[in-house]
């Protein structure tokens, strides 16, 4: 109950009690259809007060529901990306909530204007959004929600300079400081002012470590700055707060460790290179660049071919990628073509994730060795399951020209090459940028650790962690027999 309602009921009770004491004989008769009631005047007044209190109570419940709806509008529309909404919603809804109690009409208009502004921003109509914002400001004054909506408008207009300037104002308000920091980080990353963005995200990290955007931005910016220890610290905090999944934790930690290993490699520090490269692959056994780097280390140090082969085979089983197969075949330069085909067939036996890659690898070797029937069989199997790719077109052209002695058909296949899909590439999960070589940081969007290998024409759910110790033991035994 409001203070005014409480005073009214209290005064009513005093009047009722006074009348009761002064006159107990007067009656109020109520007759409605066949129902007849008689009350004394004090009883009638008391009944009216109770009815008034009930109506006020129900009205209060309805208003609280509307207030909750308004807060939900802020939570779902104004705030997103796991912003620190709980700490800011009460502040931003403050003036509107108060006006709701004092002036129901203004409250309804305010809520409607917030919705209209957010709808316009989402639709990209910034002119209409500004119109709604100006009307809202005339009702609730210079409330922080005005600045937050302005921020949304600036972001929609890609006016990152004004967005960054306004974020400085929000950062001065303790209640919405995190919102200001988030806006500043977003604007500075868009402007590629990574040093300034890192300073702000570090401030946010000191305040809160249980927000997704804080963990995500802090990790990415520290990694870009090559602050590897700081990046690992953020990952640990994210895992502890259950913001970072175990899979992403392992993946990103492995990439950070690999980058640390590469720095030691550049310094010719083989001890620390091996240490961090090994930790990287142990953390994420599907990380292809780590497997290749470690295999090179074994091959180049005392020619430890068997260890290099084991590393490549383990990763191939979990995440079959063409570069692993090529590295595996290159371990023994003295192998003839038939030996290589046998090895590729051995790889195919433990590759149940990308069967079309098996066909492609065997077909390549068969074409090189002039095994035309085998090559044609593998290519046919590939084309049955997939559209034709550039590499397959070229293989078919060679087959028709040299294996089938049909130069006309070979020319037709070569004409189709430009129209076909690429065979494979490392693709950024965030922006889709493709490259032939793996990169820790996407050269287009700057995302860290998002490059994954794709055989474009094949549906693939992703690498899997599996136990292949028995398979590796069998392969080692076969090599011993040889």
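The values are calculated or read from the model by the stated rules, or taken from the named source; none is laboratory data. Keep in mind that what you see is a predicted model, and the values were worked out from it rather than measured. Every residue, glycine among them, receives a Cβ derived from its backbone with ideal geometry; neighbour counts consider all protein chains shown.
Please specify each residue of segment 277-292 satisfying the condition of being without any contact (Cβ under 8 Å) to a residue 60 or more places away in the chain, within 24 Å of residue 349 (Cα to Cα) and in contact with a helix residue (DSSP H, G or I) (Cβ under 8 Å, 6 or more places away or on another chain).
281, 284, 287, 290, 291, 292 - these are the residues of segment 277-292 that are without any contact (Cβ under 8 Å) to a residue 60 or more places away in the chain, within 24 Å of residue 349 (Cα to Cα) and in contact with a helix residue (DSSP H, G or I) (Cβ under 8 Å, 6 or more places away or on another chain).
I'd like the residue in segment 388-422 that is in contact with a strand residue (DSSP E or B) (Cβ under 6 Å, 6 or more places away or on another chain) and surrounded by fewer than 19 Cβ atoms within 10 Å (Cβ to Cβ) and, out of all such residues, is farthest from residue 448 (Cα to Cα). So that I can check it myself, show each step before the final result.
First pass over segment 388-422, keeping only residues in contact with a strand residue (DSSP E or B) (Cβ under 6 Å, 6 or more places away or on another chain): 389, 420-421.
Retained after the next criterion (residues that are surrounded by fewer than 19 Cβ atoms within 10 Å (Cβ to Cβ)): 420-421.
Details: 420: 30, 421: 26 Å.
Only one residue fits best here, namely 420.
Residues 311, 323: which one is in contact with a strand residue (DSSP E or B) (Cβ under 9 Å, 6 or more places away or on another chain), closer than 30 Å to residue 367 by Cβ and in a helix (DSSP H, G or I)?
Numbers: 311 fails: in contact with a strand residue (DSSP E or B) (Cβ under 9 Å, 6 or more places away or on another chain).
That would be 323, the only listed residue that is in contact with a strand residue (DSSP E or B) (Cβ under 9 Å, 6 or more places away or on another chain), closer than 30 Å to residue 367 by Cβ and in a helix (DSSP H, G or I).
Please state which one of 202, 175 is in contact (Cβ under 8 Å) with a residue 12 or more places away in the chain, surrounded by 15 or more Cβ atoms within 10 Å (Cβ to Cβ), outside any loop (DSSP other than H, G, I, E, B) and under 23 Å from the mean Cα position of the chain (by Cα). Talk me through it step by step, then tell me what you get.
Numbers: 175 fails: under 23 Å from the mean Cα position of the chain (by Cα).
After applying the criteria, what remains is 202.
Mind telling me which of the residues 247, 219 ends up being crowded, with 20+ Cβ neighbours inside 10 Å, under 18 Å from residue 429 (Cβ atoms) and at pLDDT below 95? Even if it seems obvious, please write down each step before you answer.
Details: 247 fails: crowded, with 20+ Cβ neighbours inside 10 Å.
Only one candidate passes the filter, namely 219.
For segment 310-317, does any single residue satisfy the condition of being without any contact (Cβ under 8 Å) to a residue 24 or more places away in the chain, buried (at least 19 other Cβ atoms within 10 Å of the Cβ) and closer than 29 Å to residue 359 by Cβ? It would help to see each step written out before you state the result.
Kept after step one, since they are without any contact (Cβ under 8 Å) to a residue 24 or more places away in the chain, are these residues of segment 310-317: 312.
In the following step, the residues that additionally are buried (at least 19 other Cβ atoms within 10 Å of the Cβ) were identified as 312.
This time we only want the ones that are closer than 29 Å to residue 359 by Cβ, so: 312.
Looking through segment 310-317, at least one residue is without any contact (Cβ under 8 Å) to a residue 24 or more places away in the chain, buried (at least 19 other Cβ atoms within 10 Å of the Cβ) and closer than 29 Å to residue 359 by Cβ.
Only residues that are in contact (Cβ under 8 Å) with a residue 12 or more places away in the chain and either surrounded by fewer than 18 Cβ atoms within 10 Å (Cβ to Cβ) or in a helix (DSSP H, G or I) (or both): list them for segment 231-244, please. Spell out how you get there, then give the answer.
Residues of segment 231-244 that are in contact (Cβ under 8 Å) with a residue 12 or more places away in the chain, as a first pass: 231-232, 234-235, 237-238, 241, 243-244.
Passing the criteria: 231, 232, 234, 235, 237, 238, 241.
Can you report the number of residues in segment 324-377 which are surrounded by 14 or more Cβ atoms within 10 Å (Cβ to Cβ), under 38 Å from the mean Cα position of the chain (by Cα) and either farther than 21 Å from residue 295 by Cβ or touching a residue at least 40 places away in the same chain (Cβ under 8 Å) (or both)?
The number of residues fulfilling the criteria is 10.
Looking at residue 431 and the list (1) touching a helix residue (DSSP H, G or I) at 6+ places or on another chain (Cβ under 6 Å); (2) without any contact (Cβ under 8 Å) to a residue 40 or more places away in the chain; (3) within 20 Å of residue 217 (Cα to Cα), which single condition is not satisfied?
Answer for residue 431: the failing condition is (1).
Can you confirm whether residue 380 is farther than 22 Å from residue 416 by Cβ and either free of Cβ contacts under 8 Å to residues at least 12 places away in the same chain or not in a helix (DSSP H, G or I) (or both)?
Values: farther than 22 Å from residue 416 by Cβ: no; either free of Cβ contacts under 8 Å to residues at least 12 places away in the same chain or not in a helix (DSSP H, G or I) (or both): yes.
Answer is no for this residue.
All but one of (1) closer than 20 Å to residue 159 by Cα; (2) surrounded by 24 or more Cβ atoms within 10 Å (Cβ to Cβ); (3) over 17 Å from the mean Cα position of the chain (by Cα) hold for residue 196, so report the exception by its number.
Single failed check for residue 196: (2).
This table checks each residue for (1) at pLDDT 85 or above; (2) part of a loop (DSSP other than H, G, I, E, B); (3) in contact with a helix residue (DSSP H, G or I) (Cβ under 6 Å, 6 or more places away or on another chain).
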position: 374; (1), (2), (3): yes, no, yes
position: 396; (1), (2), (3): yes, no, yes
position: 408; (1), (2), (3): yes, no, no
position: 474; (1), (2), (3): no, no, no
